[in-house]
1. Under a 5 Å amide H to amide H cut-off, with H placed in plane at 1.01 Å, what residues pair with R54 once short-range neighbours are removed?
2. Rg over Rh of the stretch 176-334, using C-alpha atoms and the Kirkwood radius, what does it come to?
3. Could you run the Karplus curve 6.51 cos²θ - 1.76 cosθ + 1.60 with θ = phi - 60° over the stretch 185-190 and give me ³J(HN,Hα) per residue in whole Hz, x for Gly and Pro?
4. What distance in nm separates the two pseudo spin-label positions at A532 and A295, each 7 Å out from Cα along the beta-carbon direction?
5. I'd like the distance between the alpha-carbon centres of the stretch 360-382 and the stretch 278-356, rounded to an integer number of Å.
6. Can you compute log10 of I(q)/I(0) for the chain with the Debye formula, treating each Cα as one identical point scatterer, at q = 0.06, 0.07, 0.08 Å⁻¹?
7. Under the Karplus relation 6.51 cos²θ - 1.76 cosθ + 1.60, θ = phi - 60°, what is the ordered set of whole-Hz ³J(HN,Hα) values for the stretch 365-371, x standing for Gly and Pro?
8. With a ≥ b ≥ c taken as the square roots of the eigenvalues of the C-alpha gyration tensor of the stretch 239-280, please select rounded if a/c is under 1.5 and otherwise prolate if a/b is larger than b/c or oblate if it is not?
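The values are calculated or read from the model by the stated rules, or taken from the named source; none is laboratory data. On a predicted model such as this, the values are computed, not experimentally measured, just so you know. Don't worry about glycine lacking a Cβ; one is built from the backbone with ideal geometry, like all the others, and counts go over all protein chains shown. To get the accessible areas, we keep the full protein, side chains included, count just its heavy atoms, and leave off ligands, DNA and RNA. Shrake-Rupley method; radii C 1.70, N 1.55, O 1.52, S 1.80 Å.
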Amino acid sequence: MRRGAPLDVLIVGAGFAGLYMLHKARRRGLSALALEAAAGVGGTWYFNRYPGARVDIQSMEYSFGFDEALQQDWRWTERYAAQPELRAYAEHVADRFGLRDGIRLGTRVAGAAWEEARRRWTVRAEGGETWEARFLVMASGPLSSPNTPVFPGLEGFDGPVYHTARWPEEAVDFGGRRVGLIGTGSSGVQAITAIAPQCAELTVFQRTPAWAVPAHNGPLDPAFEARIKADYAGFRARNRQMQGGFGSELPPNPVSALEAGAAEREAKFEERWRTGGFSFLGAFRDILLDERANALAAEFVRGKIRSIVRDPETARRLQPRYAIGCKRLCVDTGYYATYNRPNVGLVDVAESPIERITGKGLVAGGREYAFDALVLATGFDAMTGTLTRLDLRGRGGRAMRDKWAAGPLNYLGLLIEGFPNLFNVAGPGSTSAFTNVMVAIEHHVDWIADCIAFLDRAGKRTIEATEAAEAAWVEHVLAVAKRTVYLTCNSWYLGANIPGKPRVFMPLFGFPAYAAKCAEVAARGYEGCALA
Ligand code: NAP
């Protein structure tokens, strides 16, 4: 069944990107509709409601800056907001800007096809309904397709299995139960810390130890809030000048860790450790750029782990040996200390991998571990998973999963050759994963809206990246990564967490240079694109 008149913009997803895109499109006088699989808005913050789920960028920064009244009125209760508050914020934004009638909840997109003759996208939901639109905006999020590894026997487990990224709406009671948990990335670190005090026994199965620094979360300081709100626009502008689009209150130290004396180094690391959060990686300017500088920061944190975790063998297993920050740094609230609890055990499944799940638990290294409930904190098919899992077909019926078979070709992260009038928000080739994603989203949505306005003014009906621009862009993203430590470990940035996924470094480091490049492309009439 085909729905109504063709739309200007069809948006996939009603998380923060979808909400702002819908608002922006309407403000520009465009007809727009957002399709959302979930029963509510919020995207990531709808689905990831596992115990302990919390943002790792400070709330005052992890929020929209496009509307002064919104940022003045909204009050965060904590320095790092928890998932329920973030979800409430998304609901508030939907109500405040009257977006509800432009969102179809419970509507999972199955696919979309470009119709060359009519120069339109036809978007199909599961269930068969279709919509037509001039422009298709993928606001489906870089971390939205959960990864459930193939564990033989998983179906036969007697108890409940929960994935952190698909946590049930109703409360899960772990009281008196033995819990097994696989995965120690950001989701695992938060869930482990929160579940341990709730359950009888928690066994953590760790393949790679996490680097975690303390959040020092707590109630939001009213004096800080007042100071930021006195010049919120200035605060946002200063943050946009930072490499990650946040953290202007405590910028990176311009000194090299290699040039500082031992005492100065220790003092600076300690100071940043006490401040908490990602600021730790800015203790010296070269922690993410130079492996020797990184090793100094890493050794400092290993020392912290040794001093926090009482059992020496557990402390040894928890100490990572790869570069700190190479996989996304975790920001925690008592993670390492959780292993001092008598009811928490750590099993290293790097040395003895998980062989199979049984009815009563799992077998690793020839030994069976028993538990009543299993939590999978095994992450996502990041950055590309959602687009390649959809039946997305561009010019000539070409499938996105074929186009991206060897890695996600794109231009500026925003445009894809062969897929005219499709914009990808916060995807591969953009700085999304390395920035405060709210900054990335606002930047992308504004760019897309300006691009559509340009096309309409110029009487053009289609835009798409050229193959040459794509090839150069993918090379640029890799060249930037080569100047960092990000290529020295296996991470989801590289697709290395999914067996068989092509190893291509996907996110771009450095927001200000990226934003400047996007602006320059637009100013030059969308250089690198074919317009027709
Ligand atoms: P993740 O970082 O990819 O972590 C997945 C974990 O599961 C890893 O420890 C991984 O081990 C393990 N794993 C995967 N397959 C396995 C297998 N077959 N056997 C054993 N272990 C296996 O995923 P995530 O924790 O969901 O986080 C993903 C991203 O989401 C984060 O990096 C962050 O950007 C975002 N996030 C942010 C927050 C926040 O604090 N705001 C919270 C959650 C998520 P390996 O490392 O060995 O692959």
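1. Q83
2. Value, to two decimals: 1.01.
3. My calculation for the stretch 185-190 gives x, 4, 5, x, 4, 5 Hz in order.
4. The two pseudo-label positions are separated by 5.5 nm.
5. With the stretch 360-382 and the stretch 278-356 each reduced to a Cα centre, they are spaced 21 Å.
6. Values, matching the q order: -0.29, -0.39, -0.52.
7. With the stated coefficients, the stretch 365-371 comes to x, x, 10, 9, 10, 9, 7 Hz.
8. Oblate, since a/c reaches 1.5 and b/c is not below a/b.
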